[in-house]
């Protein structure tokens, strides 16, 4: 990413160190096809994790296994101290799930459905966490106060998505799963959504989300996981991934009125040499570090062409970033 | 209160809410009204004509069949359609995501489908009372019959609908399933005497119309308080398609026999066969 301002998510590591999600050597096989070949990662309380990966990489499968909706083939998984395959309803009450986009409950009114779904959480209210979330407060938090009495089926795409998020958090979850929550949101709604997620994280809610929007991942994530080829090939804060990726930085400059452009893995050294050689003749200097997008694309491309062994990639991104 | 009971309570509220939704949605209401109108047209046309060879009116013969068919259609097809649709649109997954949400969903769905079935039956029934000769003269005892026979019919058809709904892969498939069911309706003797059909169709209609059959059976049962299958044969007998069908001798009787043929009960065929003649005369007179 470009220098100058720090990622808002990364500058304040979450307090507390207790592990909310622990995944080790998770494997998933559909018939003869291995989708997950040994996924491993952990999440601490209050952390925002973003799961990236190409289509079909197994992001949704991973999330569904953690939600307890899908049985894994092998591996150890612990979510909020429980194996999701054996999670009871008391455990479920502590989770929030924002599903991929659906069209359900079209005839229900927004307030009506939130109140109804919230009512299931009443028996799980504790002194520490009052469940469910007050409906009017929640509507205000997701910006749907004006739509409270509209039928769910008449909401616009963006409103519907915010409503999905509201449904996901109505039980005041300790851990929230979001599967592509911002698909189809306009930039403004997206921005509001980011504020909402950060607010949740500030209240110590752990968030695991998938997205295809890399800028979003960069802004929100305390840590980014890249899932490709059935494994986590990168695990770390956004800027660290960019720094460590083999993606090159781009250096542009002009000399004697002519434009030059050069890709280099070591832009600082390159620029120093540039000035040593040409001194004052250099103008219009511009250094663009590899963005998360470049990093991501480079990594996925390398994995797909097989030019980098998966193990090396995992080592490069995984180890140093914890 | 335990969380399960709490969720069941939420399910009751859910059922009522969904009923309110369906009865305030133009498209749905149009469907109920259209269904009633479609049922009433033959009733109106047939009027008070005597059924050939019997002393009951054609209307009195048709009305219970129609009510039973409505019950079976709603109990089975609506359930199947709703389940298939709700699996596809994410409702079921949503229910799975909240604690004991499936309990609430189940209770809500039972209330919703039962309420829909009752409303779909009540409309043609109410009109039938005024339109069909002999219905209004039935006493309270006949009405009481409806009170237990309708829930029993729902109990028989709802699970069947749930099974169908879980097997098909989309609501459109359920729509396709309607076609053969409609065909069975046409040849099951609900709307005209089976003996007017070719011999082979009589066999098909009589033997293989469990859905429409159970529908009409229920209807016949509801409206005919005097003749119940033996107690031992009632519960669990739903799937026993007993062979008390046989191509009829007199038009009215043949279809009646068909109607009795497998309703949770299907008491021993022989018994019905011997009683056929008696039963047909004046037996079909829905309560008021």
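Any read-out appearing in this document is the output of simple, stated calculations on the displayed coordinates, not a laboratory observation. Note that this is a predicted model, so its numbers are computed, not measured. Note that we place each Cβ from the backbone using ideal geometry, even for glycine, and neighbour counts take in every protein chain shown.
Can you run the Rg to Rh ratio on the range B:1-103? Use alpha carbon positions and the Kirkwood inverse-distance Rh.
Radius of gyration over Kirkwood radius for the range B:1-103 works out to 1.17.
Taking a quarter of the surface of the convex hull around the Cα atoms of the range A:138-182, what do you get in nm²?
3.3 nm²
Given 37 °C and 0.692 mPa s, how large is the Stokes-Einstein diffusion coefficient of the range B:137-184 in µm²/s, with Rh as the Kirkwood radius over Cα pairs?
253 µm²/s
Kirkwood Rh, Cα Rg: Rg to Rh for the range A:19-239?
Rg divided by Rh gives 0.96.
I'd like to compare B:79-88, A:82-91: which one has the highest average count of other Cβ atoms within 10 Å, and what's the full order after that?
Result, highest mean first: B:79-88, A:82-91.
Per the Kirkwood formula on distinct C-alpha pairs, the Rh of the range B:87-191 is how many angstrom?
Over the range B:87-191, the inverse of the mean reciprocal pair distance is 16.8 Å.
How crowded by other chains is B:4-15, given as the mean number of beta carbons from other chains within 10 Å of each beta carbon?
Averaged over the peptide's residues, the number is 3.
Kindly provide the Kirkwood hydrodynamic radius of the range A:211-301 in Å, to one decimal, from all pairs of distinct alpha carbon atoms.
It works out to 14.6 Å.
Where does the range A:94-141 land on Rg/Rh, using Cα atoms and the Kirkwood Rh?
Taking Rg over the Kirkwood Rh, I get 0.99.
Treating the Cα atoms of the range B:67-121 as identical point scatterers in vacuum, please give the log10 of the normalised Debye intensity I(q)/I(0) at q = 0.12, 0.29 Å⁻¹, two decimals.
Evaluating at q = 0.12, 0.29 Å⁻¹ gives log10 I(q)/I(0) of -0.30, -1.08.
How well do other chains shield peptide A:113-124, expressed as the mean number of their Cβ atoms within 10 Å of each residue Cβ?
6
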